[in-house]
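Since the structure comes first, as structure tokens, the remarks are kept for the end.
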Amino acid sequence: MATTGTLGAEERRTRLTAILERDGSIRLDDAATELDVSSMTVRRDLADLEQLGLVRRVRGGAIPTLRPRTFTERSATGVREKGAIVEKLRSLIPTDGAIAIDASSTAGGISRLLGESTLTVATNSYPNFILAGANREVTAILVGGQAESRTDSFIGPIACQAASSVLYRRFFLSAAAIDPTVGSSEVTLEEAQVKQAFARASDETILVAASSKLGQRAMAVGFALADIDLLVTELDPADPALDAYRDAVELL
């Protein structure tokens, strides 16, 4: 591994931000190799980015700052991981009845799996509503309520009431963070409340999330792992990174 490089500090930080958007996280050693600099140099750059509020450093690298982000922002992050997760979900889409999808861009990827499905799809996300409604045979339902511009979603008491008004075969959701002890958590309490309303009306709750969210905690409690029927990441279920979750929830 190189100990010096030709990139200036500003260009390195720009490249690191691009890696974060591409992969959903920054792995210290991988970033050092890609930028042709030392791991210590990357550590210093990540410290600078953390001071700017752009990343949060974790063991072995960094992840995006846990804050409300628009659908467009989230869609641009971890594209490869999300693609792998969505492919795993293909066999989990019911052939009839209703499903619910939260405001996450990962769960929203289910829309491209619906094909000629006649499912009813409910969501509190306007972008996910549009994606689901593009399938002519799908009945798309947008859960209204208070508009949350920071996440392109709908929240509040009206959203929670509407989310509880349909009985779903499965609820597909993501989370801001997943911890083996506390379970999933969200960046705002209101987002967590709408997800809980969807789950109460669902036969099964399926949590989909990139592995970069594992071992993290956000502000608002979402779901205990015991309340999740299936945890889907881009990793092989036998991956050691999932060991802390293996006895608490079924993995895919």
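The values are calculated or read from the model by the stated rules, or taken from the named source; none is laboratory data. Owing to the predicted nature of the structure, the values given are computational and were not obtained by experimental measurement. Cβ sites come from the backbone with ideal geometry, for glycine too, and all protein chains shown count toward neighbours. These area figures cover heavy atoms from the full protein model, side chains too; ligands, DNA and RNA do not enter into them. Shrake-Rupley method; radii C 1.70, N 1.55, O 1.52, S 1.80 Å.
Here are the numbers for the structure shown:
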{"quantity": "Subset of the stretch 206-243 [within 19 Å of Glu191 (Cα to Cα) and either in a helix (DSSP H, G or I) or among the charged types (D, E, K, R) (or both)]", "calculated": "Lys213, Arg217, Leu225, Asp227"}
{"quantity": "Answer from Gly156, Gly115 - the residue that is modelled with pLDDT of 95 or more, on the phi > 0 side of the Ramachandran plot and among the small types (Gly, Ala, Ser)", "calculated": "Gly156"}
{"quantity": "Members of the stretch 85-123 that are of a type in the set (A, V, I, L, M, F, W, C) and either surrounded by fewer than 14 Cβ atoms within 10 Å (Cβ to Cβ) or not in a helix (DSSP H, G or I) (or both)", "calculated": "Ile93, Ala98, Ile99, Ala100, Ile101, Ala103, Leu114, Leu119, Val121, Ala122"}
{"quantity": "Hits in the stretch 76-107 - residues which are under 16 Å from Glu234 (Cβ atoms) and either at pLDDT below 85 or among the charged types (D, E, K, R) (or both)", "calculated": "Thr77, Gly78, Val79, Arg80, Glu81, Lys82, Glu87, Lys88, Arg90"}
{"quantity": "Single residue of the stretch 22-66 satisfying the filter (closer than 18 Å to Gly8 by Cβ and among the acidic types (Asp, Glu)) that is least open to solvent (accessible area, probe 1.4 Å)", "calculated": "Asp45"}
{"quantity": "Residues within the stretch 151-195 that are part of a strand (DSSP E or B) and surrounded by fewer than 21 Cβ atoms within 10 Å (Cβ to Cβ), tallied", "calculated": "2"}
{"quantity": "Breaking point among (1) more than 23 Å from Tyr126 (Cα to Cα); (2) surrounded by fewer than 21 Cβ atoms within 10 Å (Cβ to Cβ); (3) touching a residue at least 60 places away in the same chain (Cβ under 8 Å), for Glu10", "calculated": "(3)"}
{"quantity": "Looking only at the stretch 202-221, and only at residues there that are within 13 Å of the chain's Cα centre (by Cα) and open to solvent by less than 10 Å² (accessible area, probe 1.4 Å), the one that is modelled with the lowest pLDDT", "calculated": "Ala209"}
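Yes/no per residue for (1) β-branched (Val, Ile, Thr); (2) within 26 Å of Val55 (Cβ to Cβ):
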site: Ala177; (1), (2): no, yes
site: Ser184; (1), (2): no, yes
site: Ala199; (1), (2): no, no
site: Gly222; (1), (2): no, yes
site: Ala226; (1), (2): no, no
site: Ala241; (1), (2): no, yes
site: Val249; (1), (2): yes, no
